[in-house]
Amino acid sequence: CVGLANRSALIRIPKSNCPSGVNIEFRAPNPQVNPYLVFAAIIRAGMLGVEQELKLRPLINENAYKLNVAESLPTTLEEAINIARNSDFLRSALGDEIYTRFLNVFS
């Protein structure tokens, strides 16, 4: 989810006093996340959105911690790995070799 001044949103775009620049914060809930893999996936998601002319979901203002399960991130490593194993999107974002090596770490 994306929000402007919402500190509970996964991706936050804070207010800026600089008219020529924008800051974007990735507020991963887990400090063990690999930022390179995460940003590869975020960039790929953005590219797909542009290529497919997808509309951005509305920015959230409510507390992201109170969203329903379908709108939230996995809460366990096992759940995240199971989702990753079945993700064509993640495979395309990371490429076959990195995707396979990444998942082999958890085998």
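Any read-out appearing in this document is the output of simple, stated calculations on the displayed coordinates, not a laboratory observation. Predicted, not measured: the structure shown is a model, and the values here were computed from it. Cβ placement follows ideal geometry from the backbone for every residue including glycine, while neighbour counts extend to all protein chains displayed.
If Lys and Arg each add +1 and Asp and Glu each add -1, what is the summed charge of the other residues whose beta carbon sits under 14 Å from the beta carbon of Val22? With Lys, Arg at +1 and Asp, Glu at -1, the net is +1. The trypsin sites (Lys or Arg not before Pro) found in region 1-72 that occupy coil by DSSP, while having at most 10 further C-beta atoms within 10 Å, are Lys15, Lys55. Neighbours of Leu4 by Cβ distance under 15 Å: Lys/Arg scored +1, Asp/Glu scored -1, total +3. When the chain is treated as a Gaussian network with alpha carbon springs shorter than 10 Å, the biggest mean-square fluctuation among Ala28, Ala80, Ala93 belongs to Ala80. Only four residue types carry charge here, +1 at the Cβ of Lys and Arg and -1 at the Cβ of Asp and Glu. Report the dipole size of the chain about the Cα centre in Debye, rounded to the nearest 20. The dipole of the chain has a size of about 340 debye.
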